[in-house]
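One structure is given here, and the rest of the page talks about it.
The values are calculated or read from the model by the stated rules, or taken from the named source; none is laboratory data. Every value quoted in this text rests on a predicted model; they were computed, and no experiment measured them. Cβ placement follows ideal geometry from the backbone for every residue including glycine, while neighbour counts extend to all protein chains displayed.
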């Protein structure tokens, strides 16, 4: 059976201590038919020179751009991608050596355009144990199951799906993964979720998410508006639920909670939302605040 080409897009920005581990995990995949696109997003450390060490592998191409952010780097990679499938990996993380083979096998077995793997190992100082494997479950997108959390590196996408949806990453925004996934999912006829070979996710203080740990970025409101406008344009509003938790619960426990909630109400009014979701009851909101602050103090990312 012919093995379809997978385009692996690797945005790189100032990750010299980690990028070798990432690239080694990609080039040594058991699945060999890869187009590996390295997008150096204006790194100022040794990241570019390290990336060039890998160009002897004929599957690898390096694109160097001025610093434009993660979304622009991913969009640049998408423009270069020619594979039947597209996969994104962050350059400070790495994947199990059978990760891609497992995903493409599932995609072909179920004849679907999107596969989501829930096996994520968060590692920094302490190694996390693997979750028990969960067999693939075939799903039809609906209001409740398209919220998988913002991490495109959990997913293998068919290029046909991305071309049909014409979705690009929102540039100059944090939480760009959330917008991308919410816009792509409604175009799927079906997708699979499972828990298999692990993705190893590194949490760093200097990372984008690390810098926003105690401050809920207002970009999330811009992402919500972009999703709303996209759903309105494509007549999805009656079929798929908007991520209304972006407007309220997402801010609880953060330093800028009051200002964020104030801006969320302004946005709701400006968009004239037909059924705006009210904030949680006061008692429940207080419980959520306490829980969120505990997680923030422990250094865990709150969705």
_I need a count of the residues in segment 110-139 that are at pLDDT below 95 and exposed (fewer than 13 other Cβ atoms within 10 Å of the Cβ)._
7
_Being under 21 Å from residue 24 (Cα atoms) and either at pLDDT 95 or above or crowded, with 21+ Cβ neighbours inside 10 Å (or both): is that true of residue 99 here?_
yes
*On the given criteria, is residue 57 assigned by TED's automatic domain parsing to the domain that holds residue 159 and under 18 Å from the mean Cα position of the chain (by Cα)?*
no
*Do we have residue 160 as surrounded by fewer than 17 Cβ atoms within 10 Å (Cβ to Cβ) and either in contact with a helix residue (DSSP H, G or I) (Cβ under 6 Å, 6 or more places away or on another chain) or at pLDDT below 95 (or both) here?*
no
*Among what's in segment 24-56 and is in a helix (DSSP H, G or I) and free of Cβ contacts under 8 Å to residues at least 40 places away in the same chain, pick the residue that is surrounded by the most Cβ atoms within 10 Å (Cβ to Cβ).*
51
*Residues of segment 164-186 being outside any loop (DSSP other than H, G, I, E, B), in contact (Cβ under 8 Å) with a residue 40 or more places away in the chain and in contact with a helix residue (DSSP H, G or I) (Cβ under 7 Å, 6 or more places away or on another chain), which ones?*
176, 178, 179, 182, 183, 184
*Confirm whether residue 170 is more than 24 Å from residue 5 (Cα to Cα) and at pLDDT 95 or above.*
yes
